[in-house]
Amino acid sequence: MDAVPFHIGITTDDLGASMRDLTRALGITWTTPTAGAGLFHTVDGVPQPRPTSCVSRQGPIHLDLIAGEPGTIWETAGPRLHHFAYWTDDLAADITRLTSDGWRLEMTKPDENGRPALFAYLVRADGFRLELIDSAGRDDYAARLREQGHERGHEQGE
């Protein structure tokens, strides 16, 4: 697992306003807000619609703004820190290491054999949350950052 996060996840109840506010404050630009198809499930089996999110193009540590929809693990009454995200070359081993140290696996996308794949959210007893993302997704993430459009929050009504 990398020692430095590559993004910080922030949930918000108003994605457009958060994009505009952070653009004005920090001068950053955003990827197009999107939501992937399908559902995620918590490890308890609770279905979670994939959230709409966008990522700041500037880094090296990016901001991942996530629309916090009611009834999901991203639900929020206002902008708040949700997680720190780290690349991992061995998702299963890092999950095992962290859960043996007291972290709780909250959500993952299981593969056809039920093993964690793509990503995992892990939560400490005090609520601190990590997102581990399989390093195989680095190219897809880089492509998302290179996409065209949605500069400086204009897509949200400016």
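The values are calculated or read from the model by the stated rules, or taken from the named source; none is laboratory data. Keep in mind that this is a model prediction, so the values were computed, not measured. In this analysis, Cβ positions are derived from the backbone assuming ideal geometry, glycine residues included, and neighbour counts consider all displayed protein chains.
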Quiz item: When you go through (1) modelled with pLDDT of 90 or more; (2) more than 17 Å from ILE10 (Cα to Cα); (3) in contact with a strand residue (DSSP E or B) (Cβ under 7 Å, 6 or more places away or on another chain) one by one for TYR121, which number turns out not to apply?
Solution: (2)
Quiz item: Out of curiosity, is HIS83 closer than 25 Å to ILE28 by Cβ, in contact with a Gly (Cβ under 7 Å, 6 or more places away or on another chain), surrounded by 17 or more Cβ atoms within 10 Å (Cβ to Cβ) and not β-branched (Val, Ile, Thr)?
Solution: yes
Exercise. Considering only residues that are of a type outside the set (A, V, I, L, M) and under 20 Å from GLU147 (Cβ atoms), look in region 27-40 and name the one that is surrounded by the fewest Cβ atoms within 10 Å (Cβ to Cβ).
Key: GLY27
Quiz prompt | Qualifying positions in region 31-46 - under 26 Å from LEU122 (Cα atoms) and either touching a residue at least 12 places away in the same chain (Cβ under 8 Å) or in contact with a helix residue (DSSP H, G or I) (Cβ under 6 Å, 6 or more places away or on another chain) (or both) | solution = THR31, PRO33, THR34, ALA35, GLY36, ALA37, GLY38, PHE40, HIS41, THR42, VAL43
Quiz item: Any idea which residue in region 9-26 is surrounded by the fewest Cβ atoms within 10 Å (Cβ to Cβ), counting only those that are of a type in the set (A, V, I, L, M) and closer than 23 Å to PRO70 by Cβ?
Solution: ALA17
Practice problem: Please specify each residue of region 92-129 satisfying the condition of being buried (at least 17 other Cβ atoms within 10 Å of the Cβ) and aromatic (Phe, Trp, Tyr). | Solution: TRP103, PHE119, TYR121
Quiz item: Based on what the data block shows, is ALA25 outside any loop (DSSP other than H, G, I, E, B) and either over 16 Å from PRO110 (Cα atoms) or more than 13 Å from the chain's Cα centre (by Cα) (or both)?
Solution: yes
Exercise. Find the residue count for region 49-68, including only residues that are among the charged types (D, E, K, R) and either at pLDDT 95 or above or closer than 12 Å to TYR141 by Cα (or both).
Key: 2
Quiz prompt | Residues of region 87-99 satisfying the condition of being in contact (Cβ under 8 Å) with a residue 60 or more places away in the chain and in contact with a Leu (Cβ under 6 Å, 6 or more places away or on another chain) | solution = THR88, ASP94
Practice problem: Working carefully through the options ALA93, ALA25, find the one that is under 21 Å from ARG115 (Cα atoms) and modelled with pLDDT of 95 or more. | Solution: ALA93
